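The next block holds one structure in the form of structure tokens; read it before the comments.
The values are calculated or read from the model by the stated rules, or taken from the named source; none is laboratory data. Nothing here was measured: the structure is a model prediction, and the numbers come from that model. As a convention, Cβ positions derive from the backbone with ideal geometry for all residues, glycine included, and neighbour counts pool all protein chains shown. Remember, those area values only see protein heavy atoms, side chains included, never the ligands or the DNA or RNA. Shrake-Rupley method; radii C 1.70, N 1.55, O 1.52, S 1.80 Å.
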Amino acid sequence: MGNKGEISKYPTQRTGGVWLIYVGIIIIFSALVGGDLLIQPFILGLGYLVGFIAILGLPFVNRKLAYGENTKFQNKMDNLFTLLNVLLCTACGFIIGFDNLRLFWLSIFIAVGIHFFGFYFSQGKIMILLGSFTILNGILGLLIIDVPFLVFAIIDGLLKFIIGVKLINMRPVSTEVPMGQ
């Protein structure tokens, strides 16, 4: 890590990086085989579940990759923004429906982009960048209807993959721990 008395400001960046790489691959794959559904929801859902359990749920992955543990505040923000993501994606289904799948999936991309802003607290400024690019990609997909949806899905997956690789390769940012803690 660093000098004695220092802790990593974003200890789980590498774990988050592995998660983003995995999710990026799942999004691209499920879009490539999506056909009329644009993204194959069974592959996306099952892939997400398997990855969540294997990468985020099993403690040995985080122990191997993390530079320490998140603070309670970081965990609270991660949980809050994960819940926000579930609510926003559910709202997309209820409000937009499934008649226009392009609109639905691009709205999901935007909702996911919004939730990335909350991960600034546990992963750093790079999550603001990822959130901004993910939202922009979704908006462009809504505005430029002549470009096939698959292009925007691949861009979405590549954004996550690239930022994931960046997170894996980031060195820990340390902050001093006050004396007596």
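Overview of results
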{"read-out": "Shape metrics for the stretch 30-165, restricted to C-alpha atoms - Rg then Dmax, Å", "value": "15.6, 47"}
{"read-out": "Calculated FRET value between Val33 and Lys64, using beta carbons and R₀ = 30 Å, to 0.05", "value": "0.45"}
{"read-out": "Per residue value of the accessible surface for the chain (all protein chains in place, 1.4 Å probe), Å²", "value": "58"}
{"read-out": "Efficiency of FRET between Asn79 and Ile144 - r from beta-carbon atoms, R0 45 angstrom, step 0.05", "value": "0.80"}
{"read-out": "GNM top mover of Gly57, Gly17, Gly141 - the chain, alpha-carbon springs below 10 Å", "value": "Gly57"}
{"read-out": "The stretch 22-148, accessible surface, carbon-and-sulfur percent (1.4 angstrom probe)", "value": "74"}
{"read-out": "Cα-centre dipole for the stretch 37-169 with unit charges at Cβ (Lys and Arg positive, Asp and Glu negative), debye to 20", "value": "460"}
{"read-out": "Restricting the stretch 1-70 to trypsin sites (Lys or Arg not before Pro) in coil, as DSSP defines it, with at most 13 other Cβ within 10 Å", "value": "Lys4"}
